[in-house]
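Novice: Before we start, here is the structure in question, set down as C-alpha cells.
The values are calculated or read from the model by the stated rules, or taken from the named source; none is laboratory data. If you're wondering where the values come from, they're calculated on a predicted model, not measured in any experiment. Heads up, the Cβs are rebuilt from the backbone with ideal geometry, glycines too, and the neighbour counts pull from every protein chain shown. In case anyone asks, the SASA skips ligands and DNA or RNA and just uses the protein heavy atoms, side chains included. Shrake-Rupley method; radii C 1.70, N 1.55, O 1.52, S 1.80 Å.
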Amino acid sequence: QVQLVQSGGGLVQSGGSLRLSCTASGSVSTIYAMAWYRQRPGKQRELVAALTRTGRTNYAGAVKGRFTISRDTDKNTVYLQMNSLKPEDTAVYYCNVRTIATMYWGQGTQVTVSS
C-alpha cells in the first residue's frame, strides 16, 4: 500500500507560478512512476506530466515548457512546478503513482488561475 498526501495549490493570477507537492509513504520501493493529472471543469481527467524511476519525463503539449515535474527521492516527494499559469490551467490536480500491481491517487488540490 502507498499513501499520498498533496500540498500546494491555491489561487494565482495569470502569469504567476505555483508548486504542488506530493509525498508518498508506505511501500514506496514498489513505485516505478509518478505523475500529475488534472481535471478541468466539465472535462475528463488528463495527464499533465509524468516521471519514471529512471528519470524520464513526459509532458502534455499544453504545459510543455511551462511546467516541470521533479522528485526528491530522499523525501519520497514529487513536485510540479507550474510557471506562466493561464486561466485554462484552472483544475483540480491529482498526484498519481504506479506500482506493478496498481496505481494510487492523491486527494486532489484546487488550482485556480484568474485572468
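Novice: Working only within the range 63-75, note down all residues that are open to solvent by 60 Å² or more (accessible area, probe 1.4 Å) and within 15 Å of A35 (Cβ to Cβ). Full working, then the answer.
Specialist: First, pick out the residues of the range 63-75 that are open to solvent by 60 Å² or more (accessible area, probe 1.4 Å): 64-65, 68, 71, 73-75.
Once the filter is applied, which keeps residues that are open to solvent by 60 Å² or more (accessible area, probe 1.4 Å) and within 15 Å of A35 (Cβ to Cβ), the range 63-75 yields K64, T68, R71.
Novice: Now for a separate question. How many of the residues in the range 52-64 are part of a strand (DSSP E or B) and at pLDDT 95 or above? Steps first, please.
Specialist: Filtering the range 52-64 down to residues part of a strand (DSSP E or B) leaves 52, 57-59.
Cutting the leftovers down to at pLDDT 95 or above gives us 57-59.
Result for the range 52-64: 3.
Novice: Continuing with this model, one more query. Taking A49, is it assigned to a strand (DSSP E or B), surrounded by 14 or more Cβ atoms within 10 Å (Cβ to Cβ) and free of Cβ contacts under 8 Å to residues at least 40 places away in the same chain? If you could, list the steps in order and put the result at the bottom.
Specialist: Numbers: assigned to a strand (DSSP E or B): yes; surrounded by 14 or more Cβ atoms within 10 Å (Cβ to Cβ): yes; free of Cβ contacts under 8 Å to residues at least 40 places away in the same chain: yes.
Considered against the rule, which asks whether it is assigned to a strand (DSSP E or B), surrounded by 14 or more Cβ atoms within 10 Å (Cβ to Cβ) and free of Cβ contacts under 8 Å to residues at least 40 places away in the same chain, A49 comes out as yes.
Novice: Please name all residue pairs, on different chains or six or more residues apart, with Cβ atoms under 7 Å, provided the first residue is in the range 10-24 and is loosely packed, with under 13 Cβ neighbours inside 10 Å and the second residue is in a strand (DSSP E or B) and among the small types (G, A, S).
Specialist: Qualifying pairs under 7 Å: L11/S114; Q13/S114.
Novice: Another question about this same structure. Which residues, taken from the range 81-114, are surrounded by 20 or more Cβ atoms within 10 Å (Cβ to Cβ), touching a helix residue (DSSP H, G or I) at 6+ places or on another chain (Cβ under 8 Å) and either of a type outside the set (A, V, I, L, M) or under 14 Å from I69 (Cβ atoms) (or both)?
Specialist: Once the filter is applied, which keeps residues that are surrounded by 20 or more Cβ atoms within 10 Å (Cβ to Cβ), touching a helix residue (DSSP H, G or I) at 6+ places or on another chain (Cβ under 8 Å) and either of a type outside the set (A, V, I, L, M) or under 14 Å from I69 (Cβ atoms) (or both), the range 81-114 yields only M82.
Novice: Can you report the number of residues in the range 60-103 which are more than 23 Å from G42 (Cα to Cα) and among the aromatic types (F, W, Y)?
Specialist: 1
Novice: Another one. Would you point out which residue out of Y104, Y79, Y93, Y37 is on the phi < 0 side of the Ramachandran plot, in a strand (DSSP E or B), over 10 Å from the mean Cα position of the chain (by Cα) and among the aromatic types (F, W, Y)?
Specialist: Working: Y79 fails: over 10 Å from the mean Cα position of the chain (by Cα); Y93 fails: over 10 Å from the mean Cα position of the chain (by Cα); Y37 fails: over 10 Å from the mean Cα position of the chain (by Cα).
Going through Y104, Y79, Y93, Y37 in turn, just one is on the phi < 0 side of the Ramachandran plot, in a strand (DSSP E or B), over 10 Å from the mean Cα position of the chain (by Cα) and among the aromatic types (F, W, Y): Y104.
Novice: Moving on to the next point. Looking only at the range 25-45, filter to residues that are touching a Ser or Thr at 6+ places or on another chain (Cβ under 8 Å) and more than 22 Å from R56 (Cα to Cα); which one of those is most open to solvent (accessible area, probe 1.4 Å)?
Specialist: Among those residues, the one meeting the criterion is P41.
Novice: If only one of S29, S25, S21 is assigned to a strand (DSSP E or B), under 19 Å from I100 (Cα atoms) and not hydrophobic (A, V, I, L, M, F, W, C), which one is it?
Specialist: S25
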